[in-house]
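Novice: One structure follows; several queries about it will come next.
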Amino acid sequence: MPFPWGLCLVYKNWAGPIRKKILLPLLGSSTRYLMLSAQKRTSDFNSFAVRTNTCGELRSSHLGQEVTLCGWIQYRRQSLFLILRDFHGLIQVVIPQDESAASVKKLLCEAPIESVVQLTGTVISRPPGQENPKMPTGEIEIKVKTAELLNSCKKLPFEIKDFMKKTEALRMKFRYLDLRSSQMQYNLRLRSQMVMKMREYLCNLHGFVDIETPTLFKKTPGGAKEFVVPSREPGKFYSLPQSPQQFKQLLMVGGFDRYFQVARCYRDEGSKPERQPEFTQIDIEMSFVDQAGIQKLVEGLLQYSWPKDKNPLTIPFPSMTYTEALDFYGTDKPDTRFGMKIVDVSDIFRNTKIEFLQDMLKEPQGAIKTVCIPGGAKYLKNKDFETIKEFAVNHFNQEVSPLFLKTSGSRKCPLTKLLKEEEKSALISLLRVQEEDVVLLTAGEHHKACSVLGKLRLECADLLEARGVVLRDPAAFHFLWVVEFPLFLPKEEDPRELESAHHPFTAPHPSDVHLLYTEPEKVRSQHYDLVLNGSEIGGGSIRIHKAEQQQYVLEAVLKEDVKLLSHLLQALDFGAPPHGGIALGLDRLVCLITGSPSIRDVIAFPKTFRGHDLMSNAPDYLSPEDIEPYHIQVKRAEDTGRTDVQSVVCEAQSSQRLILPSLTKTENPFENLALDQTPELLDRRKSSKNPENK
C-alpha cells in the first residue's frame with residue numbers, strides 16, 4: 001500500500017482515486033501495525049532452497065519425516081556417526097553400515113571435516129540412554145538414505161570450534177572461516193535483528209524516512225581527520241564524510257522532518273585501539289524537537305529493539321551533567337555499575353600541617369581528591385601500589401598516595417603517619433572506610449586530579465575483579481545520559497584559542513546564549529551523550545538553525561573559513577526549522593550487548609587497528625597507469641628511506657602509546673615483533689610467560 005505513513009496529511013490537495021486509496025490506511029496505520037506485530041510470525045529459513053529443514057530446527061515432533069539437510073561436517077566418530085552443522089544448529093547423522101549403502105558410507109567417511117554435503121534421510125529417535133540433553137536436537141538423529149558431496153574442504157588453518165584458541169591476526173586473515181563459528185554467527189545475526197527492529201520502530205511506528213546520503217563529499221572544518229579521494233580534476237579531491245551531519249541538517253531544511261539512516265562513516269584516525277576507519281551508526285534527525293524529545297525517542301528505540309535474551313531495559317535512563325561526571329568519575333563517560341566515586345576532601349585539610357597539601361589548596365583550582373578501594377589492602381599487593389603511583393606520575397605528572405586508615409596488617413605509607421587523628425577520623429567518616437579498605441589520595445588542579453583518579457578507579461576495579469572480587473555484573477546494562485557539555489574547549493596546541501567540544505553546528509544552551517558573544521568559553525551546549533557501562537555509544541545535539549548565529553560561531557569564535565560551509569549557511573537562511581538529532585554507534589552497542597572483547601567481533605570484515613585488511617592485503621599499491629588519471633604523485637617507502645618493516649615497527653610502537661598499560665602485566669621487549677597485530681594481542685604478549693614470545 002503506497003505512502004502508509006501520513007503523506008496525505010501534508011499533500012491535502014491531492015485528488016482522485018489516489019487520495020481515497022491512501023486516506024483510509026492513515027486512520028489506523030499504527031493500530032494495524034501493532035496488530036500485525038502481535039501475531040506470531042516465524043521466518044521460513046528453507047524457502048527457495050533445496051533443503052527441507054535446517055539442522056537445528058528438528059525435534060521429536062519430526063519423527064518419521066523424510067528430510068533433506070545441507071551443511072558442514074563438523075565432527076565424525078568411529079565411522080558410525082557424524083555431526084552436521086548449519087547456521088541454525090547441529091544434528092547427529094547415522095552413517096549407514098549395510099552393503100547396499102556402501103557408496104553413501106564411503107562418501108561420508110572419506111569427506112574431510114568442514115566439507116559441504118547434502119543429505120536426505122529419515123528422522124528417528126536415538127536409542128534409549130544415548131540422548132544428549134546438551135543438544136537441542138539431542139533426542140533424535142538422521143538415518144541417511146542418500147548423500148552428495150557439494151564441496152570438499154582442504155586442510156584448515158584452524159579448527160572451527162569456539163573453544164579453540166586462535167590469534168586475532170589468523171582469524172582476520174581467514175575471516176570467512178572465522179565467520180562459521182557459533183559466536184560470530186550469533187553476533188552478526190543479533191546485529192541484523194536489532195537493525196530490523198530499529199527500522200520498524202522508526203519508520204513504521206514513528207514516521208521516519210530512511211534516506212541515503214552521499215559518500216563522496218568535500219572537506220569540512222573541525223572534527224576528526226577525513227579520508228580523501230582523488231578526482232580526475234587536477235588538484236581537486238573528495239572527502240569521505242565522518243558523518244552525514246550536514247546532509248541531515250539540509251534534509252530538515254528540505255522538509256523531511258524525520259530522517260533516519262544506517263549510515264557508513266569514515267574517519268582517518270590512524271592507529272587508535274578499538275577504532276575502525278569505517279564504521280556504522282544509526283543516524284537520526286528531527287525537526288521541531290527539543291533535547292527531551294530526542295532522549296525519549298532513543299530510549300523507546302533501544303527498548304523496542306533490545307534482544308529478547310537479555311534483561312529488559314528500564315526507561316527513562318538516568319541523567320548526569322558533564323560537570324558531575326567529571327567530579328565523581330573523572331570522565332565524561334562514567335561506568336556506573338559500581339561505586340568507588342571520587343570524593344573531594346579539601347575541607348578536611350584546610351588547616352592541615354602537611355606542607356604540600358597546604359600549598360595546593362592555595363592554588364586557584366587546587367583540590368584534594370580521594371577514591372576508596374574496597375578491600376584494597378587485602379587484594380592489592382605492594383607492587384600494585386607502586387605501579388599505580390608510577391602511572392599517575394608518567395601519564396598525568398600527578399602524585400598519588402595510598403592511605404591505610406583501617407588495616408590490620410603492617411602496611412603503612414609515609415602520608416598516613418603524617419595525618420592527625422582528627423583528619424583520619426574525618427576521612428573514615430566521609431568515605432565510609434571499612435576494614436582493609438585503601439584510600440587513594442591526590443592533590444592537584446581540580447580537573448587533573450579527577451582525571452587521574454578516574455583512570456585509577458577503572459584500573460583498580462580490573463585488578464580487584466582479576467582477583468575474584470565481583471564489582472561489575474556482566475549481565476547488567478547501565479545506560480546514562482550525560483548533558484550540559486561545554487560548547488567550546490581550549491585548543492591543546494594553543495589554549496588561548498577555542499575549538500568545538502562536539503562540532504560547530506551544536507546550539508548553545510538557552511540560558512547561556514548571551515555569553516556566546518562575550519565569554520564563549522563559559523557557554524554550555526545543548527549536546528548530550530548516551531553512555532553504556534562506561535562506553536559512549538551515542539552523541540547528539542540540538543543544532544544551530546539560524547544562519548547569523550552559525551556564521552558567528554564559525555567566523556568569530558572558531559576562526560574557520562566560512563566559505564567551506566557556504567552551502568549550509570545559505571540553506572539556514574531559507575527557512576530552516578529548529579532541529580536536532582543523534583547518532584548511535586552500532587558497532588559499539590552490539591559489542592557491549594554481546595559481551596564481545598572487541599568491536600571487530602561484531603563486524604563481518606573489520607580492519608586491524610592500523611586500518612589493514614589482512615585477508616585481502618588492503619590498502620595496496622596502484623600501478624602508475626591507474627594513478628595517472630588523478631594527477632597525483634606517490635612517494636614509495638623506498639623513496640623516503642623507510643622500509644616496510646621499519647614502517648610497521650614504528651607504527652606499532654606509536655599505537656602502543658595510545659593504550660592504557662594494564663597494571664597487572666610487565667613490559668616485554670619483544671612486543672614490537674608482533675607486527676600487524678591487534679592491541680589486545682600485543683597487550684597479552686607483554687607477559688614474559690607467553691610462549692609465543694619465544
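The values are calculated or read from the model by the stated rules, or taken from the named source; none is laboratory data. Just so you know, these numbers come straight off a predicted model, no measurement behind them. No Cβ is skipped: glycine too gets one built from the backbone with ideal geometry, and neighbour counts run over all protein chains shown. Accessible surface is based on the protein model in full, side chains and every heavy atom, while ligands, DNA and RNA are left aside. Shrake-Rupley method; radii C 1.70, N 1.55, O 1.52, S 1.80 Å.
Novice: Are there strands (runs of 3 or more DSSP E) fully within the range 226-323 with at least 3 residues that are open to solvent by less than 60 Å² (accessible area, probe 1.4 Å) and hydrophobic (A, V, I, L, M, F, W, C)? List them. I'd like the intermediate steps shown before the answer.
Specialist: Numbers: elements: 228-230, 237-239, 258-266, 278-287, 319-321.
In the range 226-323, the matching strands (runs of 3 or more DSSP E) lie at 258-266, 278-287.
Novice: Right, another one. Quick check: anything in the range 339-349 out of contact with any helix residue (DSSP H, G or I) (no Cβ under 9 Å at 6 or more places or on another chain) and at pLDDT 90 or above? Talk me through it step by step, then tell me what you get.
Specialist: Step one: filter the range 339-349 for residues out of contact with any helix residue (DSSP H, G or I) (no Cβ under 9 Å at 6 or more places or on another chain), giving 339.
Those left that are additionally at pLDDT 90 or above: 339.
Checked the range 339-349: at least one residue is out of contact with any helix residue (DSSP H, G or I) (no Cβ under 9 Å at 6 or more places or on another chain) and at pLDDT 90 or above.
Novice: Considering (1) of a type outside the set (A, V, I, L, M); (2) under 30 Å from ALA449 (Cβ atoms); (3) free of Cβ contacts under 8 Å to residues at least 24 places away in the same chain, say which one LYS296 fails and leave the rest.
Specialist: Result: LYS296 fails condition (2) only.
Novice: A further question on this structure: Check whether at least one residue in the range 376-385 is open to solvent by 10 Å² or more (accessible area, probe 1.4 Å), of a type outside the set (Ser, Thr, Tyr) and part of a strand (DSSP E or B), and report yes or no.
Specialist: So far as the range 376-385 goes, no, none of its residues is open to solvent by 10 Å² or more (accessible area, probe 1.4 Å), of a type outside the set (Ser, Thr, Tyr) and part of a strand (DSSP E or B).
Novice: Restricting the search to the range 151-170, which residues are in contact with a Phe, Trp or Tyr (Cβ under 8 Å, 6 or more places away or on another chain) and part of a helix (DSSP H, G or I)?
Specialist: LEU170
Novice: To continue, here is another question. Residues to consider are VAL262, VAL228; find the one that is among the aliphatic types (A, V, I, L, M) and more than 19 Å from the chain's Cα centre (by Cα).
Specialist: Details: VAL262 fails: more than 19 Å from the chain's Cα centre (by Cα).
Answer to the check: VAL228.
Novice: Would you point out which residue out of THR336, THR323 is in contact (Cβ under 8 Å) with a residue 60 or more places away in the chain and in contact with a His (Cβ under 7 Å, 6 or more places away or on another chain)?
Specialist: Details: THR323 fails: in contact with a His (Cβ under 7 Å, 6 or more places away or on another chain).
Only one candidate passes the filter, namely THR336.
Novice: Mind listing just one residue for me: the one in the range 420-433 that is over 18 Å from LYS378 (Cα atoms) and without any contact (Cβ under 8 Å) to a residue 24 or more places away in the chain and, of those, surrounded by the most Cβ atoms within 10 Å (Cβ to Cβ)?
Specialist: LYS424
Novice: Could I ask something else about it? Say whether the condition of being part of a strand (DSSP E or B) and open to solvent by 50 Å² or more (accessible area, probe 1.4 Å) is met by at least one residue in the range 437-446.
Specialist: For the range 437-446, residues part of a strand (DSSP E or B) and open to solvent by 50 Å² or more (accessible area, probe 1.4 Å): present.
Novice: Okay, next question. Restricted to the range 324-341, and to residues that are hydrophobic (A, V, I, L, M, F, W, C) and in a loop (DSSP other than H, G, I, E, B), which residue is surrounded by the most Cβ atoms within 10 Å (Cβ to Cβ)? If you could, list the steps in order and put the result at the bottom.
Specialist: Narrowing the range 324-341 to residues hydrophobic (A, V, I, L, M, F, W, C): 325-326, 328, 338, 340.
Subset that is in a loop (DSSP other than H, G, I, E, B): 338, 340.
Working: PHE338: 20, MET340: 22.
Checked the range 324-341; the qualifying residue surrounded by the most Cβ atoms within 10 Å (Cβ to Cβ) is MET340.
Novice: State yes or no: is GLN193 within 30 Å of PHE256 (Cα to Cα) and either among the aromatic types (Phe, Trp, Tyr) or open to solvent by 80 Å² or more (accessible area, probe 1.4 Å) (or both)? Give the steps one after another, and end with the answer.
Specialist: Numbers: within 30 Å of PHE256 (Cα to Cα): yes; either among the aromatic types (Phe, Trp, Tyr) or open to solvent by 80 Å² or more (accessible area, probe 1.4 Å) (or both): yes.
Yes.
Novice: If you go through the range 583-618, how many residues are over 28 Å from ARG199 (Cβ atoms) and open to solvent by 10 Å² or more (accessible area, probe 1.4 Å)? Please lay out each step first, then the result.
Specialist: Restricting attention to the range 583-618, the residues satisfying the condition of being over 28 Å from ARG199 (Cβ atoms) are 597, 608-618.
Then drop every residue that is not open to solvent by 10 Å² or more (accessible area, probe 1.4 Å), which leaves 597, 610-618.
Total satisfying the criteria: 10.
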